[in-house]
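Below: one structure, written as structure tokens.
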Amino acid sequence: MQYFKPQTAAEAADILAKSAGKARILAGGTDLLVQLKSGMIEPEMIVDIKHLDGMHDITQENGGYRIGAAVPGIKLGQHKGVVALWPGVVEACELIGSTQVQGRCTMVGNLCNGSPAADSVPAMVAANAVVRITGPEGTRDCPAFDIPTSPGKISLMPGEFITSVYLPARPKHASDAYLRFIPRTEMDIAVASAGVNLELAEDGTIRAARVVLGAVGPKVMLVEDAASAIIGSKLDDAAIDALTAACRAAASPIDDKRGTVEFRTQVVGVLAKRAAHIAMQRAGDQT
């Protein structure tokens with residue numbers, strides 16, 4: 001196995017393009033090293049990108065924040081600006097792994113695993129996050145929602161890799177929240193999860209919403225019917241009932257040892273309801 005430490009993003013893309021799919025990216029490494037040690041993967045090349053320009057940076061951009069692909073969870077959680085603007089995204093990222101893992105794990109790595117149960121992905125999609133991709137043809141931007149395609153599969157083309165995540169600007173009286181259910185108290189994989197992003201009008205009604213589910217389908221699910229159910233409301237009982245019904249109707253989970261179809265379908269509606277209430281309270285508390 002060869003180790004490469006390219007000096008530019010273009011050089012990294014060139015190495016990846018020539019690897020014929022036999023290379024793996026090293027940024028945080030919290031999943032890569034586990035997969036290597038367990039024998040799940042046997043790549044011919046490791047391409048280290050964590051030292052490239054901007055990979056560890058969190059910078060303001062057009063009222064939002066650009067987060068480098070190698071920014072670890074602990075650094076994100078300590079950034080007051082990102083925490084204030086997108087608390088749901090931060091709390092989702094902080095659920096990845098243990099305290100030790102938080103020192104290395106990244107949102108981009110979580111996204112590129114292609115796991116339907118990834119914690120940071122529903123929150124990123126709810127935030128309408130956009131990733132920046134470098135490849136042999138240069139750079140392009142893509143909604144985070146379009147990166148995972150099915151369990152363990154992503155949409156990146158040969159030679160492409162993600163260099164940053166952009167969390168957009170938002171008006172006052174807008175916020176988000178993320179919740180998951182796990183069998184244990186910590187360090188477990190979501191059985192079901194939900195991210196909700198809300199914007200309130202001046203009269204306190206919901207002007208815009210995004211409702212996203214995790215671990216109840218082959219990829220993260222953006223449920224437009226659930227968002228429509230609460231837009232124009234103040235989360236009264238009828239709106240909440242419609243929200244939970246839409247989430248349960250959209251869910252298509254599997255049976256496994258961690259949860260049944262019926263259980264996951266029921267729980268994901270509860271999580272979406274609770275996340276919506278938290279997001280609305282946060283949005284209303286802003287001045």
Picked from region 210-245 (must be within 15 Å of the chain's Cα centre (by Cα) and basic (Lys, Arg)), the residue nearest to Asn113 (Cα to Cα) is Lys219
Within region 207-255, the residues that are touching a strand residue (DSSP E or B) at 6+ places or on another chain (Cβ under 7 Å), of a type outside the set (D, E, K, R) and surrounded by fewer than 20 Cβ atoms within 10 Å (Cβ to Cβ) are Ala208, Pro218, Leu222, Ile231, Gly232, Ser233
The strands (runs of 3 or more DSSP E) lying entirely within region 1-74 that contain at least 3 residues which are open to solvent by less than 80 Å² (accessible area, probe 1.4 Å) are 23-26, 45-48, 58-61, 64-68
Restricting attention to region 11-35, the residues that are aliphatic (A, V, I, L, M), at pLDDT 90 or above and within 28 Å of Ile74 (Cα to Cα) number exactly 6
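Is it the case that region 264-287 has a residue that's among the polar types (S, T, N, Q), at pLDDT below 95 and out of contact with any strand residue (DSSP E or B) (no Cβ under 8 Å at 6 or more places or on another chain)?
yes
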All conditions in (1) of a type outside the set (S, T, N, Q); (2) in contact with a Cys (Cβ under 6 Å, 6 or more places away or on another chain); (3) closer than 30 Å to Gly135 by Cα are true of Ala226 except (3)
Picked from region 151-208 (must be free of Cβ contacts under 8 Å to residues at least 60 places away in the same chain, of a type in the set (A, V, I, L, M, F, W, C) and in a strand (DSSP E or B)), the residue nearest to Gly269 (Cα to Cα) is Ala208
When region 144-201 is checked residue by residue, the ones that are polar (S, T, N, Q) and modelled with pLDDT of 95 or more are Thr149, Ser150, Ser155, Thr163, Ser164, Ser175, Ser193, Asn197
Residues of region 256-274 being closer than 20 Å to Leu200 by Cβ and open to solvent by less than 50 Å² (accessible area, probe 1.4 Å), in sequence order, are Ala272
Exactly one of Ile74, Ile25, Ile41 is of a type in the set (Val, Ile, Thr) and over 25 Å from Met157 (Cα atoms), and that one is Ile74
Checklist entry - Is there a residue in region 137-150 that is of a type in the set (Gly, Ala, Ser), in contact (Cβ under 8 Å) with a residue 40 or more places away in the chain and either in a loop (DSSP other than H, G, I, E, B) or closer than 16 Å to Pro168 by Cα (or both)? => result no
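Looking only at region 78-136, which residues are polar (S, T, N, Q) and open to solvent by 40 Å² or more (accessible area, probe 1.4 Å)? Don't jump to the end; show me each part of the working.
Of the residues in region 78-136, the ones polar (S, T, N, Q) are 78, 98-100, 102, 106, 110, 113, 115, 120, 128, 134.
Within region 78-136, Gln78, Thr99, Gln100, Asn113, Ser115, Asn128 meet the criteria.
The values are calculated or read from the model by the stated rules, or taken from the named source; none is laboratory data. Quick caveat, the model's predicted, so the values are computed rather than measured. Virtual Cβ from ideal backbone geometry, glycine too; neighbours counted across all protein chains shown. We work out accessible area using only protein heavy atoms, side chains counted, and drop any ligands, DNA or RNA first. Shrake-Rupley method; radii C 1.70, N 1.55, O 1.52, S 1.80 Å.
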